[in-house]
Amino acid sequence: MADVTLPSLGESVTEGIITRWFKKVGDSVARDEPLFEVSTDKVDSEMPSPAAGVLTEILAAEGDTVETGSRVAVIDENAVAGTVSATPVAAPSAAAAPSATASAPAPVKGDTAAATGDAPAAGVVISPVVRRILADGGVEPATVRGSGPGGAITRRDAERAVANGPTDEVVVPLSNGLRRMGQHMTLSSQSTPHGFVAIEVDASIFDHLDALGRHTRDGVEISDQMVMGLAAVRALGEFEFLNATFAGDELVVHRTVNLGFMREVLRDGMLVPVVHAAAGLTLRALARRIHELFERVSTRQLTADDLMGGTFTIVGPTGPDSLLTNPIIIQPEVAVLSMGAVRRVPVVLDDGVSVGVGRRVVIGLSFDHRICEPFTATAYLERVAELLAGIDLDSEH
């Protein structure tokens, strides 16, 4: 017998929702064949079978929330397909039971929502039909009292709620993504002695980029954050202690730069997909890699590997008028670079008297005080500014 367990799905991910079984009890399954689909706050993934044989037990039903490492099924490596009779899905063990705080919703077949209490809690499974009716009517699921079994929301409940309109007060539970982001950031802010410095730098290179065009010769769009990321990576070659992670009380300095790009996920916090081995990439290659990652973010096709192994992170401008953000360090990393929007501002010209219009951007560094102090952090930012101005856009575009 081979136990099927829910594997680790990335840093800080401790549970997932079983959204679909590709096999039923009694079916034969090949090793590495997709067996079930799992959804987390970060990624949807198809889980391969760890062994070949016949699926004899399913211990977690579609819609169940299970912890990583929990048993979800059993495969008999010696059985013959068709000799195992289908049995009801076993009740999940305590380790695999739905979390009291639940996680992000995942659609399943049917027309009701499994919920507890008077209204659905965060992470409740609601059928696509019911969810669409509520969304089209502008009604939050948390405001609807379900009349189905266990308080489930039926189609009639949804239609009645839309007809009556939303309530004046809406209780909106935190999504699994926001909840976990808050937990991780709280841990980081409490355990890491944060420091922060910022400088304003010449951003004339973006005039040159606008003149060349905002797409590489391969047709990939170039953002300000990508250009800044290239300079940040190159500066790390001279400030290696910033490209590091903590392992307990030991600082591990990495020779390979795995650059994380923070990306907002609508209503669900943020993700930080990672460009592995970013040192040595041209702007064109870096833009292509980031574009591929962001495409997978948009389609929820990120893998666990896309989110793991980061050694340094960059946060782009949060809006067209943002000056800067002061981000919390993403543990176990020791620094994160942030940039504001590239702006046109009055600047003193080279003659020291005249004033003209120039482009400037503010960049900042959140750093762990255990590895450096403000003077060294500022020196790193100044080197980033020098390398930014020296990027050969004509050859790397």
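Data overview
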quantity: Selection count, segment 24-58, where residues are assigned to a loop (DSSP other than H, G, I, E, B) and crowded, with 21+ Cβ neighbours inside 10 Å; calculated: 5
quantity: Filter pass, Met270 being in contact with a Lys or Arg (Cβ under 9 Å, 6 or more places away or on another chain) and not β-branched (Val, Ile, Thr); calculated: yes
quantity: Residue in segment 323-338 that is touching a Lys or Arg at 6+ places or on another chain (Cβ under 7 Å) and assigned by TED's automatic domain parsing to the domain that holds Thr376 present; calculated: no
quantity: Hits in segment 342-394 (condition: out of contact with any helix residue (DSSP H, G or I) (no Cβ under 7 Å at 6 or more places or on another chain), in a strand (DSSP E or B), of a type in the set (A, V, I, L, M, F, W, C) and closer than 30 Å to Val253 by Cα); calculated: Val361, Val362
quantity: Cross-chain or 6+ apart pairs with Cβ under 8 Å, segment 68-86 first and modelled with pLDDT under 90, then hydrophobic (A, V, I, L, M, F, W, C) and not in a loop (DSSP other than H, G, I, E, B); calculated: Ala79/Val54; Val80/Val54; Ala81/Val54; Thr83/Val54; Val84/Val54; Val84/Leu55
quantity: Failed item in (1) in contact with a Phe, Trp or Tyr (Cβ under 8 Å, 6 or more places away or on another chain); (2) surrounded by fewer than 21 Cβ atoms within 10 Å (Cβ to Cβ), with Ala232 passing the rest; calculated: (2)
quantity: Neighbours by Cβ (under 6 Å, 6+ apart or cross-chain): first from segment 331-355, acidic (Asp, Glu) and buried (at least 22 other Cβ atoms within 10 Å of the Cβ); second assigned to a strand (DSSP E or B) and at pLDDT 95 or above; calculated: Glu333/Thr245
quantity: Condition check for Ala244: more than 19 Å from Ile391 (Cβ to Cβ), in contact with an Asp or Glu (Cβ under 8 Å, 6 or more places away or on another chain), assigned by TED's automatic domain parsing to the domain that holds Val334 and crowded, with 17+ Cβ neighbours inside 10 Å; calculated: yes
quantity: Single condition Ala285 does not satisfy, out of (1) on the phi < 0 side of the Ramachandran plot; (2) modelled with pLDDT under 95; calculated: (2)
quantity: Pair list, Cβ under 8 Å, 6 or more apart: segment 204-222 residue modelled with pLDDT of 95 or more, other residue of a type in the set (Ser, Thr, Tyr); calculated: Ile222/Thr216
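The values are calculated or read from the model by the stated rules, or taken from the named source; none is laboratory data. For clarity, every value in this text was computed on a predicted model and none was experimentally measured. With ideal geometry, Cβ positions are generated from the backbone for all residues, glycine too; neighbour counts draw on all protein chains shown.
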